[in-house]
Amino acid sequence: MLLRSLLAMAELRLELVTGEDELDRPIRWVVTTDLLDPGRYLRGRELVLTGLVWRTGPGDSETFVRALAGAGVSGLAAWDLTLGAIPEDLVEACRRHRLPLFKVPEDVAFATVTEEVVRHLSGARAADLTAVLDRHRRLVEGTGLGAVVDLVGHCHVLSPTGRVVAGPPPSDPAALARAFLTAPRLPHHVPALDVSVFPVGPDDAPRAADWFIALDGDFAGWPPERHTLAGELAAIVALERARLRAEERSSQEVVTAASAGDAAEPEGLPFPVVAVAASSQGALRPGELRTVLSEAVPASHPMVGMLDDEAVALVPFTGEDVATAVQDALDFLAPGLPAGRIAVGVGDTAMATGLRGAIEEARYARRLAATRTAPVCVVRHDELATHVLLLASVPDDVRQMFKVRLLDPLHAYDEVHGADLVRTLETFLHNSGSWTRCAEQLHLHVNSVRYRIQRIQDLTGRDLSRLEDRVDFFLALLV
């Protein structure tokens, strides 16, 4: 309960003397004391009752109030039966230390105040427990997180990019997300917003792939009951998130069918769409990669699935620059990503009949991104060469047959003789057929290079002096 609740207890008739701006402080317990310096017996967030027996002169008020403020007391309720009033020096000391001061009526015993406050505290805790169980029941019945986040009040559930998952929008969701991603440890208090952030997932979950909860106040000063409620809320949110993941199977089916060339138009996917492919080198597990990509693309409900070790998203095109949006989102998430690199390719817009080619295009762009050294690299479809676009539109089985016919004889020869013919071919083409540069790069004599190229021609029946055959080998190596 909060201090302002005391003013609503008609049976107590407490009057506020000073501290109107501090009435949102929580009360953890009630303590009665007549010690001049009771600080060692206080744990913080108490409502202290005193009959001022400790006061022998005006200077004692400063000593007493300073001790209370230093111990983190929430408020003070007092009455001096001898004087029949609250001394002005006590009022001034409370004002200086910003400690709310209440006047207890002469005919109200301190025992009555204690009994009423404790009864309200116990009732609130019982109500909290009942609410937790009720929220669990409503969640299981499928009402979702909207029925849960009001449990502790001023609560928000957000994604690592600051997207509001449940609860009212906070004043600065991006600042909360940044604090969650960069905090040295969790939970973490954000002083500028006076909000504490808690992770939803397990300790080993990358923050960039997790949700988080934001609750008003500094968790360090919370009573045990509020910590328990925060933990219960995190568990409920984690349960709801797991349920939503189980419903993502339809997205996987759509991505798998589209990549296989199924011409059927996926239900619920507005066209045109943009295909986005992503891979992680030592940074994220497959499920985490899929989650991060889902969060990075500019769509509230994208179709995202896994193809081998790549995550692929089909994003409805709304005119926004998808590549820039993904790069910005991943740069924002970078503090919450584990060590490693993320490569992303973004295809051109496509209709239903062009989905397969769009996905292939995005995957080729992703492969190009993977060759670069940036921790997060996004490559657009227009950075691809025209031959790559051509390959993206060729069926997988045709590409593989083309590669096998040209290169399998060389791979087989290399396995038996260790001749390094495939590497020689790659180097030769990379140097535009220059014998000298190829020999220098391979640390071979020019005659050795000539011998290897002749062997390649004998095994494949191709002539590397012909442009057409060089192009065929180049494309086969690219496949």
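The values are calculated or read from the model by the stated rules, or taken from the named source; none is laboratory data. Keep in mind that this is a model prediction, so the values were computed, not measured. In this analysis, Cβ positions are derived from the backbone assuming ideal geometry, glycine residues included, and neighbour counts consider all displayed protein chains.
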Does segment 284-301 hold any residues that are among the aliphatic types (A, V, I, L, M) and within 15 Å of the chain's Cα centre (by Cα), and which are they?
Leu284, Leu289, Val292, Leu293, Ala296, Val297
Sole residue being modelled with pLDDT under 95 and of a type in the set (Phe, Trp, Tyr), chosen from Phe332, Phe317:
Phe317
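Considering only segment 252-278, how many residues are of a type in the set (Ser, Thr, Tyr) and either outside the structural domain of Gly305 (by TED's automatic domain parsing) or not in a helix (DSSP H, G or I) (or both)?
Start the filter on segment 252-278 by keeping residues that are of a type in the set (Ser, Thr, Tyr), which leaves 256, 259.
Okay, now just the ones that are also either outside the structural domain of Gly305 (by TED's automatic domain parsing) or not in a helix (DSSP H, G or I) (or both), so none.
Count: 0.
From the residues in segment 328-351 that are surrounded by fewer than 19 Cβ atoms within 10 Å (Cβ to Cβ) and under 18 Å from the mean Cα position of the chain (by Cα), which one is nearest to Phe271 (Cα to Cα)? Write out each step before concluding.
Step one: of segment 328-351, the residues surrounded by fewer than 19 Cβ atoms within 10 Å (Cβ to Cβ) are 328, 331, 334-335, 338-341, 349, 351.
This time we only want the ones that are under 18 Å from the mean Cα position of the chain (by Cα), so: 328, 331, 334-335, 338-341.
Values: Asp328: 24, Asp331: 28, Ala334: 31, Pro335: 34, Pro338: 34, Ala339: 36, Gly340: 34, Arg341: 31 Å.
Checking each candidate, the answer is Asp328.
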As an exercise: evaluate Pro223 against (1) closer than 30 Å to Ser280 by Cβ; (2) out of contact with any helix residue (DSSP H, G or I) (no Cβ under 7 Å at 6 or more places or on another chain); (3) not β-branched (Val, Ile, Thr) and give the number of the one condition it does not meet.
(1)
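Taking only segment 439-473 into account, find how many residues are touching a residue at least 60 places away in the same chain (Cβ under 8 Å) and among the hydrophobic types (A, V, I, L, M, F, W, C). So that I can check it myself, show each step before the final result.
Step one: list which residues in segment 439-473 are touching a residue at least 60 places away in the same chain (Cβ under 8 Å), which gives 472-473.
Imposing the further condition that a residue be among the hydrophobic types (A, V, I, L, M, F, W, C) reduces the set to 473.
Total meeting the criteria: 1.
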Could we say that Arg290 is surrounded by fewer than 20 Cβ atoms within 10 Å (Cβ to Cβ) and either closer than 25 Å to Leu333 by Cα or at pLDDT below 80 (or both) here?
no
State which residue is modelled with the lowest pLDDT when the search covers only segment 250-286 and only residues that are loosely packed, with under 15 Cβ neighbours inside 10 Å and polar (S, T, N, Q).
Ser250
Go through segment 314-340 and report how many residues are without any contact (Cβ under 8 Å) to a residue 40 or more places away in the chain and either of a type in the set (Gly, Ala, Ser) or under 13 Å from Val273 (Cβ atoms) (or both).
4
Among helices (runs of 4 or more DSSP H) lying entirely in segment 373-478, which contain 1 or more residues that are modelled with pLDDT under 95 and within 30 Å of Leu330 (Cα to Cα)?
386-392, 467-478
